[in-house]
Structure formats: C-alpha cells, structure tokens
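The values are calculated or read from the model by the stated rules, or taken from the named source; none is laboratory data. All of these numbers come straight from a predicted model, not from anything done at the bench. A quick note on method: Cβ atoms are made from the backbone with ideal geometry, for glycine too, and the neighbour counts reach across all protein chains shown. For accessibility, only protein heavy atoms count, side chains too; no ligands or nucleic acids. Shrake-Rupley method; radii C 1.70, N 1.55, O 1.52, S 1.80 Å.
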Amino acid sequence: MVEVAHAPAALEWDTPLYRQARTQLEEAVVQADIPDFVVERLRYPERAVMMTLPVRMDDGTVRSFPAYRVQHSSILGPTKGGVRYDAGVNLGECAALAMWMTWKCALLRLPYGGAKGGVRCNPRELSQAEVARITRRFTAELTPFIGPQEDIPAPDMATNEQTMAWMMDTYSMQKGYAVPEIVTGKPISVGGSVFRHEATGAGVVMVVQRACERLGWNLAELRCVVQGFGNVGGIAATELVEKGATVVAVSDMTGGVFAEDGLDIPTLHEHVREHGTLESITGVTRLSNAELLELPCDMLVLAAREDQVTAANADKLHCRIVVEGANGPTSVEADRILAGRGVPILPDVLTNAGGVTVSYFEWVQDLGRLFWDREEIRARLADKLGEAFDRVWSLAEERRLTLRDAALVAGIREVSAALEARGLYP
Ligand code: NAD
C-alpha cells in the first residue's frame, strides 16, 4: 500500500516531473524563435496555492490533507485543468501538469491557459462521504482563486462527474446562485455536456485514426495494448475495438490482463463496475504493468499516469507507435531513445486534448445556457483535433521535428504571440 504523508509539502515545485516539463519547454523554444522575456514568463507558474484541508473522517477523527492548485498562464484566458486525488500529488507535479495544459489549450486554439490541482490522499482508503467532505473543503478553500472567468477545474485521476457536482454545489452555495460554468465534466443534470465523459478516450482514437491515415496503416489490422483502464484508457479501449482494432492487453493499478486473440472489453468494464478494479478477473492471462509495456504489439496506448516509459524500459518496448492518453507518461530520455529507434510518439498535448476541448464546449454551453446534441459535439471535436493534428504533422515534416516538439512549438507560439501583443505588465 502507498504510504501517504499528511503533512504539507515544502513550498517547491522543482521536482523531476516539473524538470521534465521545463526541459521540454527549453528544447522546444530553440525551434520556435520566442523572445527571451516570453520564455522567462512561461518557465514558472503564475500562481500556486497550497492548502491543508482539515477533514472529519467517518470515525470522528480529523485528518489534514495537503492540497494544491497551480495556475500556469492566464495570457489567453481563464486557466483550465483537472483535479486529481492521488497519494503522490505534490506541487511540482501540479506545476508540470499545469504547464502542459497551457500548451494543450493553446495548440487546440482554446481561449484558456493551463492549471492543475489535486489533493494528496489515497482515494481507495476513503469512503464516499469522506471524499465528499474533502472535495467540499477543497472547493471552499479555493473559492477566492477560481471562477468561470478565472480558473475552471475539471476531473482527472480518481475524480469524476460526482466530484465536479460537489465542487459546483459548494461554489454555488457560497455565491448564492447556481454557477454551472465553474467546473466542467459535471453530470448532465447540473449543466454538464453530453459526450464530455467519453471525450478524452474518444479523442485519443480520433487522433490515432488521423495518424493511421498519414502513416498508411489500417487501424482494423492493429494489435493494441492499453495501460490504464479508467476514464481515458477504458474508453479508448472501447473505441479502438469499435473501429476494428484488436486490444490484446489492458491494465490498471492492480496489474494487467492479456488475451492473444483480443480481450472482451465490455466484460472487463462490467467487472470493473462491479468490483472496482481488474484484480479478481478470471479467464485471462495475468501480467504485471512492467510486462504489459514490453508486449509485442503495433500500438501502445499509455493512459494511466506520468513517468511510465523511462530510460530504464524505453529500449524494451516492442510497439510501432506510442500513444499518450495520459499526461507526461514518457520521460525526456525515453523520448530520445524512442526517436532513435524510429518509434513515433503521439504526444499528450495533442492526443488527450479531446477532454479539455469538450470541457470548453461545456463551458460555452453553460455560459450561453444553450445546449448542443451529441452529434454536433462529436463533429466539432473531430474538426478541432483533426485541424490541430494536421498543423502538428506539417510542422514536424517541414522542420524535421518529432511530433512532440512540433506540438509544443505550435502551442508555445500561440501563447507567445499573445504575450508579445499584450506586453509585459507594467
Ligand atoms: P482514472 O483515475 O479514471 O484512471 C486511471 C487508470 O490508471 C485506472 O485504471 C488506474 O487503476 C490506472 N493506474 C493508476 N496507476 C497505474 C499504474 N502505475 N500502472 C497501471 N495503471 C495504473 O484517470 P483518468 O482520468 O483516466 O486519467 C488517466 C491519465 O489521463 C492521467 O495522466 C490524466 O492526467 C490524463 N488525462 C485525463 C483526462 C480526463 O478527461 N479524465 C484528460 C486528459 C488527460
């Protein structure tokens, strides 16, 4: 079991994940011709809020949970990004993820900057009532720093529609009226958008389809491995199978399952709905997450968490393409190793951008109090992702960049153009 420290972390964001995001920025700006003052502004988050949440547990005791919200850049608009509940949440992780959100929103030409936040806790050890109290206290503490025109949270690891409903309710109670546009990824009954739940996983597969067209591959002939079977990985696996691909292995934090002729994904979903994880499933071959990453396949979809493919295992991957559904799953060293081996990576800032794009659609619908149907949202999402993919692909070809560098350069240029036009205040 993961050891959870219940003491506030040091006020520092200089962790390995933040250094990974910083290194990517420094390498990308060499290609992007960005003024020094812009790079200096973008190296660091604009604002980081650290909180300690005192929460009454079901047994009557009070525990303190460290919590964070980092807002990286508000140059293009309100900041936007997920909230995660995980034993590893720290300031540097939130700062890195917030920076990636800035590039992602800019690449997709959404009028947002990046943010990220979370609570350091082990959600598997908490009751639903405890999670609700943590969420409400977190939202109350954050209220001075968030808002529909300031910073708009969304779900991420171990948070979901229900978490967003509690956040929306807590914020609305403090304002005295319903404010659905304060969060995205809400239930439809409180102003959520159709297709938001599926948007990230479905968007991953839209990007994969576009890449297959460019590479001349037939998706229906590909054997895929998916790490992570939550919102992103679970839905990506379903969509891949619907498009005719064979998903031979998937995993969650309890390990992986494998079937040579392809897994029955709906049965796995049924099992997870009933038991919470894949742990007790029978009738399939079990394997560890490390083994899963090294399985021979055409496509490896990383949809669990950061830091999964590193210098230690990048040489051992046996796939033809890596697809980043998660944020930051590939280290800088692994990027170089895979590039050297000729294995392309569909980078996170492009590939998992379906989530924030439909979050943007949700916010627009909430502000206008006018709701669109599923077909319209799916079509608008496919357009947005397809257009961003084409821009990244062309830039990579023109400038001989990896797809990651091209995506970062394209995103950073958008932010830079706005910052250059606005100038450095005062
Ligand atoms: P989730 O909590 O719904 O699912 C995470 C899954 O990964 C679970 O199946 C969990 O058991 C598994 N997992 C956790 N640690 C693991 C490990 N070490 N090895 C293997 N499996 C592990 O979270 P999610 O929303 O699907 O997010 C997954 C990733 O996608 C994160 O990096 C998140 O930041 C990113 N992301 C999510 C969204 C979204 O809309 N939810 C959008 C963009 C990016």
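Quick notes
- 3J(HN,Hα) along the stretch 393-398, derived from phi through the Karplus expression 6.51 cos²θ - 1.76 cosθ + 1.60 where θ = phi - 60°, amounts to 4, 5, 5, 4, 5, 4 Hz, with x in place of Gly and Pro.
- Accessible-area composition of the chain, carbon plus sulfur, in percent [1.4 Å probe]: 51 percent
- Debye, to nearest 20: dipole size of the stretch 162-267, +1 on Lys, Arg Cβ, -1 on Asp, Glu Cβ: 420 debye
- Spatial separation of Cα centroids for the stretch 352-424 and the stretch 190-244, in angstrom: 17 Å
- With DNA, RNA and ligands ignored, accessible area of residue 64 (1.4 Å probe; Å², nearest 10): 40 Å²
- Karplus (6.51, -1.76, 1.60) ³J(HN,Hα), θ = phi - 60°, over the stretch 129-144, in Hz, Gly and Pro reported as x: 5, 5, 4, 4, 5, 4, 4, 5, 5, 4, 5, 4, 5, 7, 3, x
- Using Cβ point charges alone (K and R +1, D and E -1), the dipole size of the stretch 343-426 about the Cα centre works out to roughly 180 debye.
- Seen from residue 281, the other residues with C-beta closer than 14 Å to its C-beta sum to a net charge of -3, counting Lys and Arg as +1 and Asp and Glu as -1.
- Taking the average, over residues, of other Cβ atoms within 10 Å as the packing measure, peptides 400-413, 186-199, 119-132 rank 400-413, 186-199, 119-132 from highest down.
- With each label modelled as a point 7 angstrom along the Cα→C-beta vector, the residue 421-residue 261 pair spans 5.8 nm.
- Only Cα pairs under 8 Å and 6+ residues apart enter the sum, and on that basis the relative contact order of the stretch 199-351 stands at 22 percent.
- Ordering 311-318, 293-300 by mean Cβ neighbour count within 10 Å, with the highest value first, yields 293-300, 311-318.
- Rounded to 5, the percent of DSSP beta bridges in the chain classed as antiparallel: 45 percent
- Amide H to amide H distances under 5 Å link residue 73 with 46, 114, where only residues 5 or more positions off or on other chains count and H is placed in the peptide plane.
- In the chain, helical runs assigned H by DSSP with n ≥ 4 each contribute -39500 (n - 2.57); averaged across all residues and rounded to the nearest 500, the mean residue ellipticity at 222 nm is -14500 deg cm²/dmol.
- Solvent-accessible ranking of 12, 291, 324, largest area first, probe 1.4 Å: 12, 291, 324
- For the stretch 161-177, putting each phi into the Karplus relation 6.51 cos²θ - 1.76 cosθ + 1.60 with θ = phi - 60° gives couplings of 4, 5, 4, 5, 5, 5, 4, 4, 5, 4, 5, 5, 4, 6, 7, x, 7 Hz, in residue order, rounded to whole numbers and with x for Gly and Pro.
- Gyration tensor verdict on the chain (Cα atoms; rounded if a/c is under 1.5, prolate if a/b is larger than b/c, oblate otherwise): rounded
- The peptide list 280-288, 249-257, 325-333, put in order of mean Cβ contacts within 10 Å with the highest first, becomes 325-333, 249-257, 280-288.
- Prolate/oblate/rounded label for the stretch 30-132 (Cα gyration tensor, a/c 1.5): prolate
- The chain - accessible surface per residue (Å², probe 1.4 Å): 40 Å²
- Projecting the Cα atoms of 403, 96, 364 onto the dipole axis of the chain, where Lys and Arg carry +1 and Asp and Glu carry -1 at the beta carbon, places 364 farthest toward the positive end.
- Charge tally in the Cβ shell below 15 Å around residue 76, where Lys, Arg are +1 and Asp, Glu are -1, residue 76 excluded: +1
- Taking a sphere under 10 Å around the Cβ of residue 352 and counting the other residues whose Cβ falls inside, with K and R at +1 and D and E at -1, yields a net charge of -1.
- The chain - charge dipole about Cα centre, Lys and Arg +1 at Cβ, Asp and Glu -1, debye rounded to 20: 820 debye
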